[in-house]
Each structure stands twice: as structure tokens, then as C-alpha cells.
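The next block holds one structure in the form of C-alpha cells; read it before the comments.
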Amino acid sequence: MKRISESRAAEAAERKRSGEMNCAQAVAVTYADVAGVSQQTMVGAAASFGSGMGTMHGTCGALIGAGIVYGMMVPDRVKARAGMKRIFEGFEKSCGATICCDLKLGTGTNGAVACEHCVAEASRLLESVVEDL
């Protein structure tokens with residue numbers, strides 16, 4: 001398993017900012033090499049998870065992208081779920097919500113949160129959980 005040597009959160013946020021990728025793709029593609037797959041594979045795997053799992057009423061795409069990467073890195077479902085729970089809880093604490101419309105419309109505890117911030121935060125949390133592997 002490949003390690004993450006330095007933070008890629010800014011790189012993931014820039015991928016989202018460019019408008020070429022949705023939130024899930026921006027996170028997943030940034031860590032494709034760590035997960036052991038091509039960027040093209042990650043683009044496809046995360047394509048339908050932008051805007052909160054395809055709609056603004058679902059889980060933030062950035063979290064889903066982190067989950068795709070983490071799940072590919074940790075094939076043991078018990079360990080994968082435990083790590084994803086840590087990512088999810090940290091994201092909710094930091095961003096105030098985990099649902100896309102709550103983040104975008106500011107109905108979470110922290111007001112409106114930019115997608116680029118969500119992508120960067122999901123990336124940082126993914127990196128912190130991967131460090132503990």
C-alpha cells in the first residue's frame with residue numbers, strides 16, 4: 001500500500017475549483033495512485049457522486065470520494081467502516097454538516113461552506129486516517 005507523503009488537500013481543492021470535476025472526483029482522483037488505480041478509473045468511479053450523491057439532498061460528494069479511496073486502500077470492511085466513521089465525524093465537526101444542501105445553503109451549524117473547503121477538509125481527514133493504517 002502506497003503512503004501519502006505530504007498533504008494533497010490543496011491539489012484536490014484546485015481540481016474542484018477548476019470546474020472539471022465534481023467534489024467526489026476531485027478527492028478520489030487526487031489519491032488514485034495511493035489507492036492503486038488510474039486517475040481515469042477514479043473519474044468514472046466517482047462521476048455520479050457530485051452534488052451530494054447525485055442530488056443536493058445526499059451526503060457530500062467530497063466525503064464519498066474519500067470513502068471510495070479509503071475503501072480501496074482498506075479491503076477489510078470492519079476496518080474500512082471504522083476509518084470512514086472517523087472521517088465522517090471529523091468532517092461534521094469541522095464543516096457543521098455532511099449533507100450537501102446543508103453545506104451549500106448554510107443550514108448546518110457553521111453556515112454556508114464552499115465546495116472547495118469541503119474537498120480540502122475531506123482530503124485532510126482521509127490523510128489523517130490513512131496515517132493510522
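The values are calculated or read from the model by the stated rules, or taken from the named source; none is laboratory data. Quick caveat: nothing in here was measured; it's all calculated off a predicted structure. Accessible surface areas use protein heavy atoms only, side chains included; no ligands, DNA or RNA. Shrake-Rupley method; radii C 1.70, N 1.55, O 1.52, S 1.80 Å.
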Can you tell me the length gained on complete extension of the stretch residue 14 to residue 110, counting 0.36 nm per residue apart and subtracting the Cα distance? 32.3 nm
Per residue, what accessible area does the chain have, given a 1.4 Å probe and all protein chains present, in Å²? 49
Please list the non-local residues whose amide H lies under 5 Å from the amide H of residue 99, H modeled 1.01 Å from N, same-chain partners needing a gap of 5 or more. 60
So if each residue of separation counts as 0.36 nm, and I subtract the Cα-Cα distance between residue 56 and residue 78, what length gain in nm does that give? 5.1 nm
Compute the length gained on full extension between residue 5 and residue 93: take 0.36 nm times their separation in residues and subtract their Cα-Cα distance, giving the result in nm to one decimal. 29.1 nm
Counting each DSSP H run of 4 or more residues in the chain as -39500 (n - 2.57), what helix-only mean residue ellipticity at 222 nm follows after dividing by all residues, to the nearest 500 deg cm²/dmol? -19500 deg cm²/dmol
Among (i) -0.56, -1.00, -1.15; (ii) -0.42, -1.12, -1.40; (iii) -0.38, -0.98, -1.21, only one was calculated for this model; which label is it, if the read-out is log10 I(q)/I(0) by the Debye sum over Cα atoms at q = 0.12, 0.19, 0.21 Å⁻¹? (iii)
Using a probe of 1.4 angstrom, how much of the accessible area of the chain is carbon and sulfur, in percent? 52
Have a look at 86, 17, 77 and tell me which one the Gaussian network model of the chain (Cα, springs below 10 Å) gives the largest fluctuation. 77
